[in-house]
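Step one of this worksheet: look at the structure below.
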Amino acid sequence: MPYSVLLVDDHKIMRDGIKTILERTPDFRIVGEAENGSDAVSLCKKLRPDLVLMDIGLPGMNGIEATTEVARHCPTTRVMILSMYDDENSVVAAFRSGARAFLLKKASSSDLLDALRTVSKGGSYLSSQVSDHLLTRIQRGDLEAHEVPGPLAGLSPREQREFSSVSFTILTYVLSLG
C-alpha cells in the first residue's frame, strides 16, 4: 500500500514537479497540497497523511512553525523539509520542530525518493550537501561544540571532593572482595 503524502510549497510549479516525480512510483500517493503553513496544518489534521513534504519559506506560518504544529497534532505523520536554505540554523530549527529529514531543492529526484523512502520507514535523512556543509564548518571551527556537562557538574567543589572520596572508598572495598 503506498504512503500518503501531503505536498506543501508556495510555488505551484514546485508542487507540480514533485507530483510528477512521485506519480512515477507506486510507493507514494499524493493526498493533498497546500501553499502555506496554516493550510498544511489544517489538511494534515483532516487527511492524516503518512508524510508531509514541507517547504520552509512559506507565507504566513512558515514551514518550521507548521512542522511544529503537525508534530503536535498529527504525531504519526512524518515531516520532511525540502528547502533551498542550507544554513545550520535552518537545519537545526527543522529538526527541533519535529522534521525527520532535510533535503535541498537542488537535490536529484532519486535523492528525493531515497529520502522519502527512508523517512516513511521511520528513519531520518540529511541531504549530503547539507551534511558536507556542516562537517566543513565543524572542521574549520566555525561551529562551536557545546560541552556536555558530566554527572558531577551540578555539585559544588566540596560536594565533588566528598563524592570522589566516597567513590574511592566503595571502589577499594569492591576490589578487595575479588
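Numerical summary
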{"quantity": "Share of carbon and sulfur in the accessible heavy-atom surface of the range 25-81 [1.4 Å probe, %]", "calculated": "48 percent"}
{"quantity": "Positive-end residue, the range 9-97 charge dipole about Cα centroid, Cβ charges, pick of 25, 14, 83", "calculated": "25"}
{"quantity": "Accessible area per residue, Å², the range 54-122 with all protein chains present, probe 1.4 Å", "calculated": "45 Å²"}
{"quantity": "Spatially proximal lysines relative to residue 12 (Cα-Cα < 24 Å; intrachain offsets below 8 disregarded)", "calculated": "45, 46, 105, 106"}
{"quantity": "Simple label model, 7 Å out from Cα along Cβ direction - residue 137 to residue 12, nm", "calculated": "3.5 nm"}
{"quantity": "Those trypsin sites (Lys or Arg not before Pro) in the range 1-81 that DSSP places in a loop and that have at most 15 other beta carbons within 10 Å", "calculated": "24"}
{"quantity": "Two-site label geometry, residue 109 and residue 126: point separation in nm, points 7 Å out along Cα→Cβ", "calculated": "2.9 nm"}
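The values are calculated or read from the model by the stated rules, or taken from the named source; none is laboratory data. Just so it is clear, the model here is predicted, and its values are computed rather than measured. With ideal geometry, Cβ positions are generated from the backbone for all residues, glycine too; neighbour counts draw on all protein chains shown. Ligands, DNA and RNA are excluded from the accessible area calculation, which covers all protein heavy atoms including side chains. Shrake-Rupley method; radii C 1.70, N 1.55, O 1.52, S 1.80 Å.
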